[in-house]
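Student: This is the structure, below, for whatever I ask next.
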Amino acid sequence: MKKIIVTGGSGFIGSNLVNFLIRKNFYVINLDKLTYSSNKYKNNLKNKKNYKLIKLDIIDRNKVRNIIRKYNPKVIFNLAAETHVDRSIDGPENFIHTNINGTFSILESLRLLKKKNINPKLIHISTDEVYGDIKIGQRSDEKHKYEPSSPYSASKASADHLVKSYIRTYKLKAIISNCCNNYGPYQFPEKLIPKMISNIFNNKELPIYAKGRNSREWIHVDDHCEALFKLYLKGKNGESYNVGSGLNLNNIDLVKKIIKICKTLNIKIGKKTKIKFVKDRPGHDFRYALDNKKIFKEFNWKPKVKFEVGLKKTIIWYLNNQKFLKSILKKDYEKRLGLKI
């Protein structure tokens, strides 16, 4: 049974990827620090013979190196990251620790193990935010310059540059993927879609930054997992690939879609559940938009989940799994962050 290491495999995208790989009969080793946003809900993986969870801060280079040496995986998917922009504004240190130094730890481990003929492929998962604000009518391709705006996106950009330097200098087998906003089951409710869904369920206001005109590109997490698997199978070492859907929505339009779908599902919209415009995030990028022609052309990959269908399924999932929301400490996601400047 082929072995795969997933760092951050208890996060939103990571846990979906782990389940995806297990269904394909890989032996998955999940390295996760198990921080506040880790998925501990209905964890049915404990009894799986082809799954192992190792609680670990990936900055511990010796332990990371020993684990890679022990399991000698075919590929390492690096998803371990702090990802919430508002938290990075309040306190950037954790983002530097995990996103930059954690990636450095993995790269150094691979550099040393390469000398011992242990040389797995690294798929480093990054974000569209590294490209910064994209003008209307334009989309960022893989050669677009990096212009990160927040401590979060700067930390991811820094990690990307580290990966590229190790590819060139040490000839590591590595690929970078830059993905747009994900949505789907098990997403921590500090992110926009699950936060709006949770607030609707609990008759609370729906806070939107500024006037809600900021534009984001959306992809279902299942499509992202499919794309990452394609990169493992067919991706060219040293290359970067944008993983996007091509679908952009203004935040206000997205929230209105969520409300509309909830109504069709006969979910009660309480009197307090109204859109409320709140003070904007410092340094808030107006628009992200990926040019995804490269991955479409090289792998004939296209997202399968239509947005309205995926969004409806996501709302139904949260409706049927409200214990997931209740199991999360409210202090972890209800307080407004990102105003300390």
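Student: Between segment 49-63 and segment 12-34, how far is it from one alpha carbon centroid to the other, in angstrom?
Tutor: If we compute the Cα centre of each part, the gap is 12 Å.
Student: Also, I was wondering about something else. Roughly how far apart, in whole Å, are the Cα centres of segment 140-175 and segment 191-250?
Tutor: 20
Student: Kirkwood Rh over alpha-carbon pairs of segment 169-273, then Stokes-Einstein at 20 °C and 1.002 mPa s: what D in µm² s⁻¹, rounded to an integer?
Tutor: Approximately 135 µm²/s, per Stokes-Einstein.
Student: Also: Near Lys164, which aspartates and glutamates are there with a Cα under 15 Å away, not counting those fewer than 8 places off in the same chain?
Tutor: Leaving aside aspartates and glutamates fewer than 8 places away in the same chain, those within reach of Lys164 are Glu108, Glu142, Glu239.
Student: Starting from the eigenvalues of the Cα gyration tensor, five times each then square-rooted, give me the equivalent ellipsoid semi-axes of segment 264-334, largest first, whole Å.
Tutor: Taking √(5λ) for each eigenvalue gives 31, 22, 15 Å, largest first.
Student: Give, to the nearest whole percent, the P(r) tail of segment 217-311 beyond 23 angstrom, counting all Cα pairs.
Tutor: Working: 1954 of 4465 pairs.
The proportion of pairs with Cα distances above 23 Å equals 44 percent.
Student: Taking Cα pairs under 8 Å and at least six residues apart, what relative contact order does the chain come out at, in percent?
Tutor: That works out to 19 percent.
Student: Which pairs break 24 Å Cα to Cα here: Lys143/Lys312; Lys33/Lys70; Lys3/Lys171; Lys55/Lys115; Lys260/Lys302; Lys236/Lys306? Display every interim value, and only then the final one.
Tutor: Working: Lys143/Lys312 35 Å; Lys33/Lys70 19 Å; Lys3/Lys171 22 Å; Lys55/Lys115 27 Å; Lys260/Lys302 27 Å; Lys236/Lys306 28 Å.
As for pairs spanning more than 24 Å Cα to Cα, those are Lys143/Lys312; Lys55/Lys115; Lys260/Lys302; Lys236/Lys306.
Student: For q = 0.10, 0.11 Å⁻¹, what log10 I(q)/I(0) does the chain give under the Debye formula with an equal point scatterer on each alpha carbon and no solvent?
Tutor: -0.57, -0.70
Student: What is the Rg over Rh value, at two decimals, for segment 28-144, using alpha-carbon atoms and the Kirkwood definition of Rh? Please report the intermediate quantities before stating the final value.
Tutor: Details: Rg = 16.6 Å, Rh = 16.3 Å.
Across segment 28-144, the Cα-based Rg/Rh ratio is 1.02.
Student: How many times 2.2 N^0.38 Å is the alpha carbon radius of gyration of segment 115-215?
Tutor: 1.41
Student: Please give the helix 61-71 orientation as an angle from the longest Cα principal axis of the chain, in degrees from 0 to 90, rounded to the nearest 10.
Tutor: Its long axis makes an angle of about 70 degrees.
Student: Ok, one more. Which three numbers, in whole Å and largest first, are the semi-axes of the equivalent ellipsoid of segment 134-182 derived from its Cα gyration tensor as √(5λ)?
Tutor: Working: eigenvalues 102, 34, 21 Å².
After scaling each eigenvalue by five and taking roots: 23, 13, 10 Å.
Student: Taking Rh as the Kirkwood radius computed over C-alpha pairs, what is the Stokes-Einstein D of segment 87-155 at 4 °C in a medium of viscosity 1.567 mPa s, expressed in µm² per second?
Tutor: Using the Kirkwood radius from Cα pairs, D works out to 91 µm²/s.
Student: What is segment 1-74 by shape, rounded, prolate or oblate, if you read a ≥ b ≥ c off the alpha carbon gyration tensor as root eigenvalues and call it rounded for a/c under 1.5, prolate for a/b larger than b/c, and oblate otherwise?
Tutor: Oblate, since a/c reaches 1.5 and b/c is not below a/b.
Read-outs: derived from the displayed coordinates by stated rules, not from any lab. Being a predicted model, the structure only gives us computed values, none of them experimental.
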